[in-house]
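Student: Before we start, here is the structure in question, set down as structure tokens.
The values are calculated or read from the model by the stated rules, or taken from the named source; none is laboratory data. Just so you know, these numbers come straight off a predicted model, no measurement behind them. With ideal geometry, Cβ positions are generated from the backbone for all residues, glycine too; neighbour counts draw on all protein chains shown.
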Amino acid sequence: MTTKGLSQDQLDQLAKLADLPDSEIDTSDIREAPAENWIQARRGQEKRRS
């Protein structure tokens, strides 16, 4: 992630989010991915950027 072009306020918000422990993140409004999404999943084969 690049922070180029972000305001100081945005950088401060990102720093606060980075310090937030996972246990404090509310994910209750995110639906679970359906099983069909995982049919073709492969570990360790993500595309690499050049």
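Student: Quickly run through the range 1-14 and pick out the residues that are at pLDDT 85 or above and surrounded by fewer than 10 Cβ atoms within 10 Å (Cβ to Cβ).
Tutor: The answer is 5, 7, 8, 9.
Student: Kindly evaluate residue 40 against the criterion of being over 18 Å from the mean Cα position of the chain (by Cα), at pLDDT 90 or above, of a type in the set (S, T, N, Q) and exposed (fewer than 10 other Cβ atoms within 10 Å of the Cβ).
Tutor: no
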